[in-house]
Amino acid sequence: NNLTPLYSDGGQGGQMLLVKDESSASTSSEKFGDSLINALVIVAVIAVMTFLIVLLYKCGCAKILVGWFVITSILVFFGMLWVWIDLVCTRYQIPYDYVTISFLLWNFGTGGLISVFYHGNKSIGQVYLVMLSVIMGWMLTRLPEWSTWAILLAVAIYDILAVLCPGGPLRLLVQAAQERKEPIPGFIYDSDAAHAKLLPDQAPVEVTKPLIAPAPEINLESSGVIAAEERATDDRGESGGLSQTAQATDNSSSKPSKPTVVSDSDDEDPDPFDDAQYAHPFKLGLGDFIFYSLLCGRAAFFSFISWTSCFTAVNVGLIGTLSSLLFLRGKVPALPALPISIFLGVIVFFVSRYAFTDFIYHCLKI
């Protein structure tokens with residue numbers, strides 16, 4: 001038996017309790033109805049929380065937002081990670097004592113909080129953010145199977161509405177950040193964090209300010225991709241709100257300038273892929289990482305083939321989303337990051353589970 005009380009059976013098969021218990025349903029139609037209700041409740045909670053973030057951001061309650069994010073990180077780095085370590089040690093019969101595990105958790109969690117929110121190497125901070133999303137995605141794999149697939153599809157549909165609709169919460173958050181010329185509040189993975197360098201004429205506090213990385217041209221926030229936006233032309237070294245970063249100097253020194261191309265015809269449309277190598281780095285919200293991890297984790301319960309298929313589908317969908325930004329640059333203010341990857345991953349999972357995997361096993365028997 002597991003040592004962790006949170007994962008003890010308790011008569012529920014180790015599954016996370018939701019509004020409706022699909023395990024008590026006797027038919028597929030009842031399970032479908034229960035999973036649909038659970039998915040709608042989860043999406044409603046996500047929508048309410050997102051609108052609350054927008055409200056706090058517009059009201060200038062930056063300290064409340066930062067405190068919210070800090071508490072979330074503490075729960076993940078210390079609480080959820082302890083559950084995971086306990087399960088692994090129990091599963092593989094690895095002995096440990098509370099003094100050792102407390103020492104490891106304290107160093108890991110404290111290092112993560114300092115790297116993400118205060119001062120530290122940006123690459124290490126990005127690694128901590130990815131681990132945070134993976135741990136949360138792993139915790140969500142306790143959801144019942146039918147509810148998991150319903151939640152993934154419902155969240156992907158909600159992502160489209162939240163990003164593309166005029167009154168969508170993520171769209172409102174993007175617009176508010178653009179009006180203030182500030183980075184978007186939240187846990188953000190910055191693809192350019194590994195290349196960020198400390199220039200001699202920059203103060204350390206300006207480059208390694210906590211929580212939010214320098215705002216790039218392309219962003220993916222929470223559950224959506226934020227399209228390219230025009231960077232402010234003023235040469236200010238700070239931007240108000242949650243972040244203060246030196247942007248202009250760093251971009252001019254680390255990014256190659258785009259060469260001037262003389263076109264023979266003014267009517268010829270430029271190839272969007274010609275500008276790909278000069279595009280600014282993107283930002284991916286950890287909400288996307290969490291649901292990517294949930295999809296791959298659920299697929300791993302069935303077989304290795306299903307897991308690899310879903311993992312590949314998620315990456316292909318993410319590449320497709322980023323490629324769409326090149327074609328739609330300047331035409332749409334934002335693009336959602338979840339739909340292509342989630343829809344493609346769900347389709348690939350069921351094809352691999354009910355067709356491809358059985359075919360492979362049949363060929364191996366022959």
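The values are calculated or read from the model by the stated rules, or taken from the named source; none is laboratory data. Model, not experiment: these values are computed from the prediction. Every residue, glycine among them, receives a Cβ derived from its backbone with ideal geometry; neighbour counts consider all protein chains shown. In case anyone asks, the SASA skips ligands and DNA or RNA and just uses the protein heavy atoms, side chains included. Shrake-Rupley method; radii C 1.70, N 1.55, O 1.52, S 1.80 Å.
Table for the structure above
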{"quantity": "Across Lys63/Lys331; Lys20/Lys283; Lys63/Lys122; Lys283/Lys331; Lys20/Lys63; Lys122/Lys181, pairs whose alpha-carbon gap is larger than 25 Å", "calculated": "Lys63/Lys331; Lys20/Lys283; Lys20/Lys63"}
{"quantity": "Burial ranking of peptide ranges 152-163, 71-82, 101-112 (average Cβ count within 10 Å, highest at the top)", "calculated": "152-163, 71-82, 101-112"}
{"quantity": "Packing-based order for 354-361, 289-296, 319-326, using average beta carbon neighbours within 10 Å, highest first", "calculated": "289-296, 319-326, 354-361"}
{"quantity": "Region 287-349 - accessible surface per residue (Å², probe 1.4 Å)", "calculated": "40 Å²"}
{"quantity": "Inter-part distance where region 82-96 and region 308-366 are each reduced to a Cα centre, Å", "calculated": "33 Å"}
{"quantity": "Mean Cα-pair separation over length for region 16-117, i.e. relative contact order, pairs under 8 Å, 6 or more apart, %", "calculated": "20 percent"}
{"quantity": "Highest average packing first - 39-48, 309-318, Cβ atoms within 10 Å", "calculated": "309-318, 39-48"}
{"quantity": "Heavy-atom accessible surface of region 311-366: percent carbon and sulfur, 1.4 Å", "calculated": "75 percent"}
{"quantity": "Accessible area (Å², per residue) of region 111-190, counting only protein heavy atoms and a probe of 1.4 Å", "calculated": "38 Å²"}
